[in-house]
Amino acid sequence: MQWNKEMNAGNQFWQVVFDELPTTLDVLRGLPQANLQEPYYAAALLIPALCHWSANKNVALDIINYLKGPHAVSIREIQFVDERLQGKAYLPFSYFEGATPENGYEPSRPFIVKIFIVPTSFNEAGYAKLYLKSSGADSPRPVQLRKKTSSGEWFLWEQMLLSEIRPPVSADPWQ
């Protein structure tokens, strides 16, 4: 996984590149970014976790619980993700570059996620609100992170990534 900091239309973004998606919590922990010393790390690592949800919910929950730190995933959050991804395993893949409704949200390789920082991303002390763009949605969606003061780690606080997106063209009855 590599990180490239770039600028785009006045907003800053981090480009995260995964050669392969982490398949277990141990593999994820082996990544240098698993130290969670930057808010971008937790935001980026959430996408592979959500991609595992439909195939292996236990792996997804292990990773998400790690990303949430001292604030574990609640039953309500599990039910919410279950509901949003039921029959829509493609949704989290839409956050990778190259994934489009036309190609069934099949991302290009390596897997690339962009995390956008806007001028208000760090307005609230101890929190960061970063944005990710789904190719099936018209506007970026936020992920809120919270900093643990004692360790300097950034943890997932709230994600709003699972709203409806355009269905894959192959599943759209109007195509």
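A few comments on the model shown:
- Sub-6 Å Cβ pairs linking a first residue in region 9-35 that is loosely packed, with under 13 Cβ neighbours inside 10 Å to a second residue that is modelled with pLDDT of 90 or more, at least 6 apart or interchain, are ASP19/PRO110, ordered by first then second residue.
- Answer residue from region 85-102, given it is in contact with a Phe, Trp or Tyr (Cβ under 6 Å, 6 or more places away or on another chain) and within 13 Å of ALA55 (Cβ to Cβ) and is surrounded by the most Cβ atoms within 10 Å (Cβ to Cβ) among those: PHE93
- In this structure, PHE155 does not qualify as among the aromatic types (Phe, Trp, Tyr) and over 18 Å from TYR66 (Cβ atoms).
- The C-beta contact set for region 61-83 (first residue touching a residue at least 40 places away in the same chain (Cβ under 8 Å) and aromatic (Phe, Trp, Tyr), second residue surrounded by 15 or more Cβ atoms within 10 Å (Cβ to Cβ) and in a helix (DSSP H, G or I), distance under 8 angstrom, 6+ apart or interchain) comprises TYR66/LEU25; TYR66/LEU28; TYR66/ALA34.
- Of the helices (runs of 4 or more DSSP H) lying entirely inside region 1-116, the ones with 2 or more residues being in contact with a helix residue (DSSP H, G or I) (Cβ under 7 Å, 6 or more places away or on another chain) are found at 25-29, 39-52, 57-68.
The values are calculated or read from the model by the stated rules, or taken from the named source; none is laboratory data. Since this is a predicted model, take the numbers as computed values, not measurements. No Cβ is skipped: glycine too gets one built from the backbone with ideal geometry, and neighbour counts run over all protein chains shown.
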